[in-house]
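Laboratory data are not the source of any read-out in this text; all were calculated from the coordinates shown. On a predicted model such as this, the values are computed, not experimentally measured, just so you know. Here the Cβ positions follow ideal geometry from the backbone for every residue, glycine too, while neighbour counts run over all protein chains shown.
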């Protein structure tokens with residue numbers, strides 16, 4: 001039996017090759033080949049029709065189908081049971097938990113700004129006693145003490161430039177120098193904690209010790225010539241405009257007039273005026289080149305302490321009366337500052 005099985009199994013490849021040769025021989029016949037080709041074409045046509053039908057049905061809308069109620073649901077969604085009344089939420093208690101940190105716990109503490117304390121009058125009492133004369137390059141040109149407590153303003157010159165300073169203002173010199181006190185004819189400077197005096201002018205010891213000899217023949221002062229410009233409306237308008245510029249932009253007055261102090265034997269006599277670039281306006285106001293102004297509105301200009309007084313008076317004055325000295329002749333020049341008083 002085994003021998004027969006082995007012999008039959010060894011003939012299998014031969015039989016398969018014979019069967020394959022026979023099938024290929026049958027297919028090689030033209031009639032069978034044409035039939036096979038027709039069958040394949042029919043199969044391909046059938047497959048193409050089915051594919052085209054599926055493509056068309058894919059674009060055709062299909063009505064929604066209702067899901068039967070008795071369809072079993074797999075893994076249904078379960079919700080927790082709802083209570084009839086929810087628990088009340090304690091908002092105040094939640095705030096007390098400080099879940100996100102306590103508000104302001106790590107915030108930087110803003111520094112408390114101390115309000116500047118105005119110097120009391122008692123702090124300036126007697127600071128001028130024993131104070132030496134200042135050696136700073138400063139000159140006191142005017143002083144106006146407003147009250148008895150040492151407050152006020154002073155005109156101080158530094159490097160040929162004058163400016164108005166109030167108490168506690170820093171002065172334009174190197175170091176920590178401030179104006180500490182204002183008196184009638186002198187001021188006190190605080191130079192880095194040391195008090196120093198700055199006077200309006202120095203009195204000559206020699207001159208104060210020798211009495212002045214009485215004049216035997218006092219000079220005869222001729223009567224002053226009066227020049228009245230108050231009736232000229234154009235001059236009034238011009239004078240008023242320059243008065244406004246004096247308090248808004250003093251440097252703009254240099255276009256009209258230049259002013260230089262005149263001293264004799266160390267004593268201030270007044271201020272000599274000369275025309276600026278606008279000479280016609282200078283002459284329209286009634287001035288001439290070389291006029292020496294010795295007083296304005298009754299305030300003498302021979303004392304630098306009157307400068308601040310004059311500055312305050314002219315702010316609201318309705319007219320300006322200049323006392324001039326022109327070529328050894330006394331002259332009074334009046335100009336109106338109120339347009340309502342000028343004649344048309």
So for R0 = 35 Å, FRET eff. of residue 338-residue 127 from the Cβ-Cβ r, to 0.05, ends up at 0.20
Between residue 283 and residue 163, the FRET efficiency computed from the C-beta separation at R0 = 30 Å comes out, to the nearest 0.05, as 0.50
With N residues in segment 252-344, Rg(alpha-carbon) / (2.2 N^0.38 Å) equals 1.10
Taking R0 as 45 Å and r as the Cβ-Cβ distance between residue 95 and residue 73, the FRET efficiency 1/(1 + (r/R0)^6), rounded to the nearest 0.05, comes to 0.50
With 0.36 nm assigned to each residue of separation and the Cα-Cα distance removed, residue 39 to residue 303 gains 81.2 nm
Length gained if residue 139 through residue 314 is fully extended, taking 0.36 nm per residue and subtracting the Cα-Cα distance, is 60.6 nm
What the 5 Å binned alpha carbon P(r) of segment 123-199 shows, as percent of pairs per bin from 0, is 3, 18, 32, 29, 14, 3, 0
